[in-house]
Amino acid sequence: MLGYNGSIPGPTLKVRQGSEIVVHVTNGTDLDTTVHWHGLRLENRYDGVPHETRAPIPPGGEFTYRIQFPDPGLYWYHPHIREDVTQELGLYGSILVDPAEPDYWPPAHRDVVLTLDDLLLEDGVIAPFSRTETNYAAMGRYGNLMLTGGETAPAFAARAGEVVRPWLTNTANSRVFRVGVPGARMKLVGGDSGRVEREEFIADVVLAPSERAVVDVLFDRPGEFALEHRTPNRTYRLAAITVTGELAEPPLTEQFEVLRTAPELVAEREQLDAWLAAPPDEVLAIVAEMDDPGAAPAADR
Ligand SMILES: [Cu+2]
């Protein structure tokens, strides 16, 4: 496995909106790397896109990133070269940007920052990678072992009436996660770009690779619960939650019932309404073609 500062996930960066940090990176792996700061608005040369804006960091090399946080919410960092190997092996971490506005988020008792990942094991060991190229679809492969916050079977305790806020990032290379907590109530409050325009009660939330979701989970009674990932074929237990009879203070149950609207997002979307209603100035057709490497040469068909 690989880890930023030796841990999987890497350290959670908790920063204030409007702040700036400097990150010194030394590449201790045997592959070229960069660090991409997923979702953040920052200077192009620090975005970690290899060859486009910056040369890769070679094994043993160093680079210093200067990162700004103009927007609140949940973001993450990972390599942007051979993610199929190095991100799969553990190079990822969460970034939590605290809002400047005090009531940006609804009240919750507790934050839990969790990466959702999977790892492919064959005969009890990590399945081999190609040294020279990405040999699975897109950015990697499906795994058969779930890693929640880097752990195979994490367990949490909560109190009755507690509103727990998981900050979820799908750091898997290919897997789409559908996440829920049967028996508890869930409210979607945030996503890729800070809070959502309209909060909603949900039974579960779907996260494609790289997507984030911020959900408030209300445990209104004591008992054993599980954070689950459901696929059409099976259900994976991602974490166990034991809710004790002790009451959470202060009570937040009433506020949990409120579905809030984000005025800045309503205003932003309303700016687009005129464009969406307008007839197109021009209609373009795009034709995409791709060689099929598996197809026989034309003469043999
Ligand atoms: Cu990314």
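Loop sites here are GluC sites (Glu not before Pro) outside DSSP states H, G, I, E and B with no more than 14 other Cβ atoms within 10 Å. The longest part of the chain free of them is 134-256. Derived scalar couplings between HN and Hα for segment 234-246 equal 7, 10, 9, 8, 8, 7, 9, 10, 9, 9, 8, x, 5 Hz in order, rounded to whole Hz, by the Karplus curve 6.51 cos²θ - 1.76 cosθ + 1.60 (θ = phi - 60°), x for Gly and Pro. Could you check which residue among 280, 50, 154 shows the biggest mean-square fluctuation in a GNM of the chain with a 10 Å Cα cutoff? Taking springs between Cα atoms under 10 Å, the residue moving most is 280.
Express as a percent, rounded to the nearest 5, the fraction of DSSP beta bridges in segment 1-72 (both residues included) that run antiparallel. Percent antiparallel among DSSP bridges in segment 1-72 is about 90.
Think of it as helices only: each DSSP H run of n ≥ 4 in the chain is worth -39500 (n - 2.57), and spread over all residues that comes to -2000 deg cm²/dmol at 222 nm. Ranking 176, 49, 35 from most to least accessible surface, computed with a 1.4 Å probe over the protein chains only, gives 176, 49, 35. Per-residue SASA remark: residue 139, around 100 Å² accessible (1.4 Å probe; ligands, DNA and RNA not included). Charges were assigned to the Cβ only: +1 to each Lys and Arg, -1 to each Asp and Glu. The resulting dipole of segment 93-161 about its Cα centre is roughly 120 debye.
Given R0 = 35 Å, the distance between the Cβ atoms of residue 259 and residue 66 translates into a calculated FRET efficiency of 0.35. Annotation: residue 54 carries an accessible surface of approximately 100 Å², with a 1.4 Å probe and no ligand, DNA or RNA atoms counted. Magnitude of the charge dipole for segment 13-98, about its Cα centre and with charges confined to Cβ atoms of Lys, Arg (+1) and Asp, Glu (-1), is about 280 debye. About its Cα centre, the dipole of the chain is roughly 680 debye, where the only charges are +1 on Lys and Arg Cβ and -1 on Asp and Glu Cβ.
With the charge dipole of the chain set up from +1 on Lys and Arg Cβ and -1 on Asp and Glu Cβ about the Cα centre, the Cα lying farthest toward the positive end among the listed residues 3, 248, 290 is that of 248.
Report the Cα centroid-to-centroid distance between segment 28-102 and segment 205-257 in angstrom, as an integer. First find each Cα centre; the distance between them is then 29 Å.
For the chain, the longest principal axis of the C-alpha atoms and the axis of helix 263-277 are separated by about 50°. Here residue 51 sits with roughly 140 square angstrom of accessible surface, probe radius 1.4 Å.
On the basis of the beta-carbon distance and an R0 of 41 Å, residue 122 and residue 267 show a calculated FRET efficiency of 0.20. Within the listed set 288, 203, 248, the residue fluctuating most in the Gaussian network model of the chain (springs between alpha-carbon atoms under 10 angstrom) is 288. Of the residues 53, 157, 147, the one whose Cα sits farthest towards the positive end of the charge dipole of the chain is 157 (charges of +1 on Lys and Arg Cβ, -1 on Asp and Glu Cβ, taken about the Cα centre). How long are the semi-axes of the equivalent ellipsoid of the chain, defined as square roots of 5 times the Cα gyration tensor eigenvalues? Whole Å, largest first. Calculated on Cα positions only, the semi-axes equal 34, 26, 23 Å. For the residues 262, 160, 285, a GNM of the chain with alpha-carbon springs under 10 Å puts the largest fluctuation on 285.
The values are calculated or read from the model by the stated rules, or taken from the named source; none is laboratory data. Remember, predicted model here, so these are calculated numbers, not experimental data. No Cβ is skipped: glycine too gets one built from the backbone with ideal geometry, and neighbour counts run over all protein chains shown. The area values use the complete protein model at the heavy-atom level, side chains included, leaving out ligands, DNA and RNA. Shrake-Rupley method; radii C 1.70, N 1.55, O 1.52, S 1.80 Å.
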